[in-house]
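> Sending over a structure as structure tokens; questions will come in a sec.
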Amino acid sequence: MAMLKVENLSIKYGSIEAVKNVSFEVNEGEVVTLIGANGAGKTSILRTISGLVRPTEGTISYLGNEIHKTPARKIVAEGLAQVPEGRHVFAGLTVMENLEMGAFLHTNKEENAALLKKVFQRFPRLEERKNQDAATLSEQQMLAMGRALMSRPKLLLLDEPSMGLAPIFIQEIFDIIEDIKAQGTTVLLIEQNANKALSIADRGYVLETGKVVLSGTGEELLASDEVRKAYLGG
Ligand code: ATP
């Protein structure tokens, strides 16, 4: 059974049809990527899955239950965490406090401490800067991922994690996503960096102006002429 199943999803903002009849699924243990140009509808789809935007049509099922009418806080409690695009950390709180916020639904202190240790192993710079105000941190994308991991996600939604990062950090982010998968968390990844995303993805879907135009394994899509021309500059 698919862990996440999106069927015939349409999203409108007033008269703007941002997503048109999109269907895809994510199986447990997979990294699945949605790639596409700016404005193709990727963020709208993620925000709809996490309950922040309501679809105009279609259904979303997660772990066998329909969630497209469920409040966002309940969806998070079921282990679906989103890392939004850009640098959404809580300014005025330290790095440590931001991480603690990620675990707010979980009261077992020992489990939280063990998880924090793991997050610090993955992101050593966060530990070095744990008492710093998050707003002054240059690795805010890492902190946003660390905070999401503190919520013990079964399914992690990542919105353009590599955006705005220097090349050396971009590679690191993709290594970390592979590591998150190896630890058993399922990942839905949105990216404009199609090359890197398809290299680590089990499967991918290509979106153009709100529609799925192509799908396949990461390898198949990397080799496809259409994808190479449109997204890989070749
Ligand atoms: P990006 O990479 O820029 O985030 P995207 O593929 O994630 O692009 P969306 O952000 O989902 O695409 O946007 C899809 C379309 O919906 C675009 O035409 C965008 O202008 C429009 N749109 C997105 N959010 C809103 C909103 N809140 N109100 C009106 N239109 C919106």
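The values are calculated or read from the model by the stated rules, or taken from the named source; none is laboratory data. Everything quoted here is computed from the prediction, not taken from an experiment. With ideal geometry, Cβ positions are generated from the backbone for all residues, glycine too; neighbour counts draw on all protein chains shown. Accessible surface is based on the protein model in full, side chains and every heavy atom, while ligands, DNA and RNA are left aside. Shrake-Rupley method; radii C 1.70, N 1.55, O 1.52, S 1.80 Å.
> Could you check the simple spin-label distance between Arg54 and Gln171, using points 7 Å along Cα→Cβ, in nm with one decimal?
Taking the simple label geometry, Arg54 and Gln171 are separated by 4.7 nm.
> In deg cm²/dmol and to the nearest 500, what is the mean residue ellipticity at 222 nm of the chain if only DSSP H runs of at least 4 residues count, each as -39500 (n - 2.57), divided by the residue total?
Result for the chain, helices only: -10500 deg cm²/dmol.
> Tell me which residues come under 5 Å, amide H to amide H, from Met3 once H is placed; ignore anything under 5 positions away on its chain.
Amide H neighbours of Met3: Val26, Asn27, Glu28.
> Of the residues Arg147, Arg54, Arg203, which exhibits the maximal mean-square fluctuation in a Gaussian network model of the chain defined by a 10 Å Cα contact cut-off?
Result for the chain, Cα springs under 10 Å: Arg54 fluctuates most.
> Using a Gaussian network model on the chain with a 10 Å cutoff between Cα atoms, which of Glu85, Glu111, Glu191 fluctuates the most?
In the Gaussian network model the winner is Glu111.
> Another one. Compute the Cα gyration tensor for the range 1-59, then decide on rounded, prolate or oblate, letting a ≥ b ≥ c be the square roots of its eigenvalues: rounded whenever a/c is under 1.5, prolate when a/b is larger than b/c in the other cases, and oblate in all that remain.
Note, shape of the range 1-59 comes out prolate.
> Follow-up. Just for the chain, what percent of DSSP beta bridges are antiparallel, to the closest 5?
Expressed as a percentage, antiparallel bridges in the chain total about 55.
> Tell me the relative contact order for the chain as a rounded percent, counting alpha carbon contacts under 8 Å between residues six or more apart.
Relative contact order, the chain: 27 percent.
> Can you compute the modelled spin-label distance between Ala114 and Glu208, with each label point 7 Å from Cα toward Cβ, in nm?
Each label point is offset 7 Å from its Cα along the Cβ direction, giving 4.9 nm.
> Identify, among Pro55, Gly92, Ala103, the residue whose Cα sits farthest towards the positive end of the charge dipole of the range 50-116, taking +1 on the Cβ of Lys and Arg and -1 on the Cβ of Asp and Glu, with the dipole about the Cα centre.
Selected residue: Pro55.
> Kindly report the accessible area of the chain per residue (heavy atoms of protein chains, probe 1.4 Å, no ligands, DNA or RNA), in Å².
So the chain comes to 48 Å² accessible per residue, rounded to a whole number.
> According to a simple spin-label model (label point 7 Å from Cα along Cα-to-Cβ), what is the distance in nm between Glu7 and Arg228?
Here the answer is 3.7 nm between the modelled labels.
> A further question on this structure: If you place +1 on the Cβ of every Lys and Arg, -1 on the Cβ of every Asp and Glu, and leave all else neutral, what size is the dipole of the range 126-234 about its Cα centre, to the nearest 20 Debye?
In total the dipole reaches around 280 debye.
> By what distance, in whole Å, do the Cα atoms of the range 9-144 stretch along each of the three principal axes, largest value first?
Projected onto the principal axes, the Cα atoms of the range 9-144 cover 46, 31, 26 Å.
> When the Karplus curve 6.51 cos²θ - 1.76 cosθ + 1.60 is applied with θ = phi - 60°, which whole-Hz ³J(HN,Hα) does each residue of the range 208-222 get, with x for Gly and Pro?
Per-residue couplings from phi come out as 10, 5, x, 10, 7, 9, 7, 8, x, 6, x, 4, 4, 5, 4 Hz.
> Right, something else. Cα axis of helix 109-122 to longest principal axis of the chain: angle in degrees, 0 to 90, nearest 10?
Once rounded, one gets 70 degrees.
> If one takes the longest principal axis of the Cα atoms in the chain, at what angle in degrees, from 0 to 90 and to the nearest 10, does the Cα axis of helix 140-149 lie?
90
> Using a Förster distance of 22 Å, how high is the FRET efficiency between Ala72 and Ser199, based on the Cβ-Cβ distance and rounded to 0.05?
0.10
> What is the percent carbon and sulfur in the accessible area of the chain, measuring with a 1.4 Å probe over the protein chains and ignoring ligands?
C and S atoms contribute 49 percent here.
> Within the range 120-234, count lysine pairs with alpha carbon atoms under 22 angstrom apart where the residues are 8 or more positions apart or belong to different chains.
Summing the qualifying lysine pairs gives 5.
> What value does the chain have for Rg/Rh, both radii from Cα atoms and Rh as Kirkwood defines it?
0.96
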